[in-house]
Every structure is written in C-alpha cells, then in structure tokens.
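First the structure, in the form of structure tokens, and then the observations on it.
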Amino acid sequence: MGKEREDAALPLLPIYHPPDEEEGGDDTSWTGSFQFTHDGQQIQFEEISEDGTVVKMPKTKRRTSLLLLDLVFLLLDYLQFFALLMAMSEHWTWPETWLRHLSFVFLFNLDVWEFTKFSKGVYVSARSYFLPSAVVFDIHYLLLAWLILCTLLVVSYTVFYAVLSYKQNASMLLRIAQLQRVYLTIAQVIALPLGTVLAKLFHCTHLNAVDVYNGYTCFSDAHWGLVAGAVVLSLLFYFGISAWMIIKIRRQMFSSHSDRHEGYLQLKEAQFLRSIDVVWAVGHFHLFSSYQRFWVYYRPVLFLFKFAIVCFYAGLIRHPLAQIWCILA
C-alpha cells in the first residue's frame, strides 16, 4: 500500500510526442509517445502502426546486473574445462578410480563419448591403449546431432533477424540486441563441447586408424573430409564470434582511463534503467561491463583460449607429456 500511495503521489509529466517534419522534427517513419513520472520512470509507451492503430506497451523493468549470469558462466566454464582435462588425462594416465567416480562431469561438457566409456564399464586405464570404437557407439550419430543443432541455430537466428529487420518498429534495435545476446550466450555455452567433439576427429591410434571410428584410416580421403569440415567450422565459429565481440566492445570504448571508463559505464547503465537510452543494450555492454578497463576483452580472449585448449587436445593425444606441459603453461 505504501508503494502504491507513493507512486500515486508523483504527478505525471505531459505526454511527449515526437515532432513531425512540419514542426521541425526529423523525418521518421515512427510515430508514438512516452509518458514519465517526475522521478524519471517510464509508465507508458504507445506506438501507432501503419493502419493507425495505437498499440500500448507496458513499461518493462530493466536490469543491468550481471552477477548471476557471470557466476553461472564461471561455474560452467570450470566444469567444462575440468571435463576436458579428464578426457586428456585418460592417456596420461590419471587414477582410474578418480575418473570413474567423476565421470558424470563429462556431461557438463556434453562429452557423451567419454561418458559412455565409463557408463558401459569398457574403459581401460593404459597410456598407449585406444578402445575399439565399436564398443562405444557410432560417432556418426553424435556428429549428425551436432550438425543439426548448429544448422538450427544458424537458420533460426537468420529468420528471427530478418523478421525483426523487416518490421522496423520503434524497438527494433533493442530486440535485435536481445536476440544477439541470447545466441551469443548459447555460443559461449557450447564453445568447449563443440570443440571437444571436433577435436576427437583428429585422434589417430597407433594402428593408424581414427580413434572414434576405426573404419577410417588416418589421413585417408574420408578422414580428410571430416578434418576439413571440422577446421572450417572451428575457424568460422571461434574466430568469427571472437571478432564480432571485439568489434562490438571496441565501438563502446569511451576512454583508456579507468575512472572515465567506469563513469561512462555508470552513466549508460543509469540511462538504460530509467528508459532514457538503450545504448547499454544495443551496444552490448554486457560483454565487458563486469570487468575493469584493462579486462574489457576478457570474453573474446576466453573464447580464443578455449580454441587453443581444444587444439592441444586434438593434436597432442599421442604425446601426453607435451600435452601436460601445454596445459600447465
């Protein structure tokens, strides 16, 4: 009741209508209005569609806190790195009891191949031993599942982006930014799992057979086809997304001075919370606003670091000592 009385006591400012060309305004295809209370809270948003219908949209509560999301990312990254480290350590070798009791961690990295070894009880703790692929499962099904997932993500993003761009309503840029944020979050979650699956295609046994499918001879035409597809997908995924993040972050760098940078962040957060400006969302401030000025490129650097770890896993499977040294470095 107290909150309602307090809000009711705040008088409303006059409704603001953007001026048209005759009144000296800009030439814009959008017509609408905003209404605010004296404390700056937006209470009403109206948009007039092409047929003259007034569409009223309620005020949405905006948040800029990234504490929970950053915590989830931190824990998930730790578990995924640990799962990949366990997969590497099978040939070091790590104590078998340790691996068996913690085999569930493979699921955080979506590493169904390694998890199946332990769930079926076929894992053999030996540095130079590779399990016959037939006792695990057909890797083609796993590759097909990842191919379908990646295709769905690309196609759905393209469709949603095209629809939002075609409508061109007042909140188009904000909705596109929200769409990009959702898919970027998905990309960060699947970065290590996807790389882990692709890295397994490079593993060759001492009998010159592909580890995950012994029917392929290493560096045969069929193997080169799989490897070429994995390389192209990895370059597009890791370097493409990292470059996109770097470009978005670089565009929002106000100053190289730490205090000025922090002040600019606080200004944009306040404007976004008060519905005065949407630069915080459209400019993808969520990529760097959790970090100090020196660490603003943490997200893309971490993305490339995941690619480097995947490369160590892919190319050094038969060289455990070199692999250990690369991980420790």
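The values are calculated or read from the model by the stated rules, or taken from the named source; none is laboratory data. Keep in mind it's a predicted model, so treat the numbers as computed, not measured. Backbone-built Cβ (ideal geometry, glycine too); neighbour counts: all protein chains shown. We work out accessible area using only protein heavy atoms, side chains counted, and drop any ligands, DNA or RNA first. Shrake-Rupley method; radii C 1.70, N 1.55, O 1.52, S 1.80 Å.
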Exercise for the section: Please specify each residue of segment 110-129 satisfying the condition of being more than 33 Å from the chain's Cα centre (by Cα) and of a type outside the set (S, T, N, Q). Expected result: G121, V122, V124, A126, R127, Y129
Practice task
Would you point out the residue of segment 292-329, among those that are more than 17 Å from the chain's Cα centre (by Cα) and not in a helix (DSSP H, G or I), that is surrounded by the fewest Cβ atoms within 10 Å (Cβ to Cβ)?
Solution key: A329
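Looking at segment 78-104, which of the residues that are among the polar types (S, T, N, Q) and open to solvent by 50 Å² or more (accessible area, probe 1.4 Å) is nearest to V310 (Cα to Cα)? First the steps, then the outcome.
In the first step, residues of segment 78-104 are kept if they are among the polar types (S, T, N, Q); the result is 80, 89, 93, 97, 103.
From what is left, the residues that are open to solvent by 50 Å² or more (accessible area, probe 1.4 Å) are 93, 97.
Numbers: T93: 19, T97: 25 Å.
Ranking the candidates gives T93 first.
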Exercise for the section: Taking the residues in segment 152-173 that are over 18 Å from the mean Cα position of the chain (by Cα), in a helix (DSSP H, G or I) and not β-branched (V, I, T) as candidates, determine which candidate is surrounded by the most Cβ atoms within 10 Å (Cβ to Cβ). Expected result: L164
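Do the conditions hold for Q252, that is, is it open to solvent by less than 60 Å² (accessible area, probe 1.4 Å) and touching an Asp or Glu at 6+ places or on another chain (Cβ under 6 Å)?
When the stated conditions are applied, Q252 does not pass them.
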Practice task
Tell me, please, whether a residue that is of a type in the set (A, V, I, L, M), more than 16 Å from the chain's Cα centre (by Cα), assigned to a strand (DSSP E or B) and at pLDDT 90 or above can be found in segment 195-203.
Solution key: no
Handout entry: The lone exception for G121 - which of (1) touching a residue at least 24 places away in the same chain (Cβ under 8 Å); (2) open to solvent by less than 70 Å² (accessible area, probe 1.4 Å); (3) in a loop (DSSP other than H, G, I, E, B); (4) farther than 30 Å from F288 by Cα it fails
Key = (1)
Fill in the blank from the handout: Residues in segment 223-239 that are closer than 30 Å to R293 by Cα and open to solvent by less than 40 Å² (accessible area, probe 1.4 Å) total 3
Completion exercise
Of the residues in segment 212-222 that are open to solvent by 10 Å² or more (accessible area, probe 1.4 Å) and in contact with a helix residue (DSSP H, G or I) (Cβ under 7 Å, 6 or more places away or on another chain), the one that is nearest to Y313 (Cα to Cα) is Y213
Problem - Subset of segment 174-209 that is open to solvent by 50 Å² or more (accessible area, probe 1.4 Å) and of a type in the set (D, E, K, R) - its residue that is nearest to D111 (Cα to Cα) - result: R181
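Residues are listed down the side, and each one gets a yes or a no for (1) in a helix (DSSP H, G or I); (2) open to solvent by less than 50 Å² (accessible area, probe 1.4 Å):
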site	(1), (2)
L76	yes, yes
F130	no, yes
H140	yes, no
I148	yes, no
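Take I139 and decide whether it is of a type in the set (V, I, T) and touching a residue at least 40 places away in the same chain (Cβ under 8 Å). If you could, list the steps in order and put the result at the bottom.
Details: of a type in the set (V, I, T): yes; touching a residue at least 40 places away in the same chain (Cβ under 8 Å): yes.
Yes.
Step by step: first the residues of segment 266-289, then only those that are among the polar types (S, T, N, Q) and at pLDDT 85 or above, then the one that is least open to solvent (accessible area, probe 1.4 Å). Which residue is that? Walk me through it before giving the result.
We begin by selecting, within segment 266-289, every residue among the polar types (S, T, N, Q); these are 266, 271, 275, 289.
Now narrow it down to the ones that are at pLDDT 85 or above: 266, 271, 289.
Details: Q266: 108, Q271: 41, S289: 22 Å².
That would be S289.
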Handout entry: Neighbours by Cβ (under 8 Å, 6+ apart or cross-chain): first from segment 152-165, under 13 Å from Q180 (Cβ atoms); second surrounded by 10 or more Cβ atoms within 10 Å (Cβ to Cβ) and of a type in the set (S, T, Y)
Key = L153/Y183; Y157/Y183
